[in-house]
1. Could you tell me which of rounded, prolate or oblate describes region B:73-134, using a ≥ b ≥ c as the square roots of the eigenvalues of the alpha-carbon gyration tensor, with rounded for a/c under 1.5 and, failing that, prolate when a/b is larger than b/c and oblate otherwise?
2. Near the amide H of residue B:190, under 5 Å away, which other amide H atoms are found, from residues 5 or more places off or on another chain, if H is placed in the peptide plane?
3. In degrees between 0 and 90, to the nearest 10, how far off the longest principal axis of chain B does helix B:95-106 point, with axes built from Cα atoms?
4. May I ask for the longest run of chain A untouched by GluC sites (Glu not before Pro) that are loop-located per DSSP and have at most 12 neighbouring C-beta atoms (other than their own) within 10 Å?
5. Starting with the fewest neighbours, write out B:99, B:185, B:118 ranked by other beta-carbon atoms found within 10 Å of each beta-carbon.
6. Under 16 Å Cα to Cα from residue B:232, which lysines show up? Leave out anything in the same chain fewer than 8 places away.
7. Cα centroid distance between region A:172-222 and region B:100-126, in Å?
8. Using the structure shown, select from A:100/B:155; B:9/B:79; A:34/B:114; B:73/B:227 the pairs with a Cα to Cα distance greater than 30 angstrom.
Amino acid sequence: MFRFLSGFGSYWMLLGRVFAKPEKHSMYYRQTMKELVSLGLRSIGIVTIISFFMGAVITLQTAYNTENPIYPTYLIGLGARDSIILEFSSTIVALILAGKVGSNIASEIGTMRVTEQIDALELMGINSASYIILPKVVATVIFNPFLTLISIITGIIGGWIVGTSAGVITSQDYIYGIQYAFIPYYITYSLIKTVFFAFIISTVSAHQGYHVEGGSLEVGRASTKAVVYSSVTILLFNVILTQLLLS
Amino acid sequence: MIRAEHISKSFGDRRVLTDISAVFEPGKTNLIIGKSGSGKTVFLKCLVGLLDVDEGEIYYNDVPFTRLDFRGKKELRQKMGMLFQGSALFDSMTVEENVRFPLDMFTGMSYPEKLDRVNFCLDRVNIVNSNRLFPSELSGGMKKRVAIARAIALKPRFLFCDEPNSGLDPKTSIVIDELIREITVELNMTTIVNTHDMNSVMENGEKIIFIEEGEKCWEGNRNEILKSDCSKLNDFVFANSLARQLKDSSK
């Protein structure tokens, strides 16, 4: 319990340093652009691949579990669409990104810590927490909503291609289904969740990396902890945000 | 000049430094020597403010560093340069970007001016045609020299070197030692070097402090070190058989 409270306290203290006034805006801008490429653009591939296949599987499972003459087949498209928008493209993609981006952030910052690069920044009089972490937070918070949109689109396309190829639904029914009773607020809900999850992934992982002590073994442990802690926090906030936003 | 007065530091129940006082003079290469784990690096990190001291005061030209607020420390730190044990170059930046980094952060210089200064510093440490290389493409000695170039980019008044020869062959170690000594005189810096390399001690030791188990045991210079009657220092200095033979033959 003491360790949890101590970790929680150091997390908030670190955030206080991260959001202090930046020293030189041009340097932060340059760093943010680098992070947008490293953490954002380089995640498009994995998000696209996973979303395509998950969209396909969601469509097939919906089809096989609703094989009943009472249900119109276009409901398969509707079910796939809502599953993808409400849960898959925000929460599941966030969990995947916690693995990819979170471990990347923790190991990068952890390595900077054990190789004294953070000490070098501090010695120059630079707020190392802000200089290293803030661009990562800004980059993920800005870019992850785009990843969610890409995931939604790819997931629905995956469901359409595989659903029609497997013969579980016709193209017309699927397209009718994904348009039927569409609630635009679901997209907003998904994007709001994504912003929160992006913040959790970047800050929780950065906190684990920033406080590494030791060597490569500890960096590896910090990377694992970053994924576990961000995933658990994401799932917790998923419940809270769903209750707040959809009730 | 840097003056440390009665510095003590503990980590939990473990006392690492006990009541260390010392004066480090400008234009000289001041050495802190001692065995591994004796508290040299902790003392150096206390001097630069990377660790807070439990007791004692540190003065930079009579400015009480330990009592300065964040802004005051930040201003003073721009007058410090440090060469870390593992060089601590930024992996994601090229050699040029590493050396330019403090200039980007703290000066309003134009790009050509910064480039001139970067090339001057790299030239001074004998690094040529390597501006576009990344730290992973450099040898250990080159990394140290680039780190020195970065440390002197802002023309510091104080230079700190934590074991500059660790992991280097004897010849490269001598090159690094000479470079540190020359730069110290050129820029009239107060330089403090942590080392357990006896070659460095005999070449650079204008002022030497010996630390053993967190306490200052001896203070002097390279001429006095061989004649000291401090048993702990003698155990350290004459640890290898060659040094013992030299001592015996000089008697």
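1. oblate
2. Counting only residues 5 or more places away or on other chains, the set is B:27, B:158, B:159.
3. Approximately 90 degrees, to the nearest 10.
4. A:68-212
5. Going from sparsest to densest Cβ surroundings: B:185, B:118, B:99.
6. Hits, sequence-local ones excluded: B:35, B:40, B:216, B:247.
7. Each part reduced to its Cα centre gives a spacing of 40 Å.
8. On the way: A:100/B:155 41 Å; B:9/B:79 24 Å; A:34/B:114 22 Å; B:73/B:227 40 Å.
Beyond 30 Å between Cα atoms: A:100/B:155; B:73/B:227.
Bear in mind these aren't lab numbers, they're just calculated from the coordinates by the rules spelled out. This structure is a prediction, so every number in the text was calculated from the model and none was measured. A quick note on method: Cβ atoms are made from the backbone with ideal geometry, for glycine too, and the neighbour counts reach across all protein chains shown.
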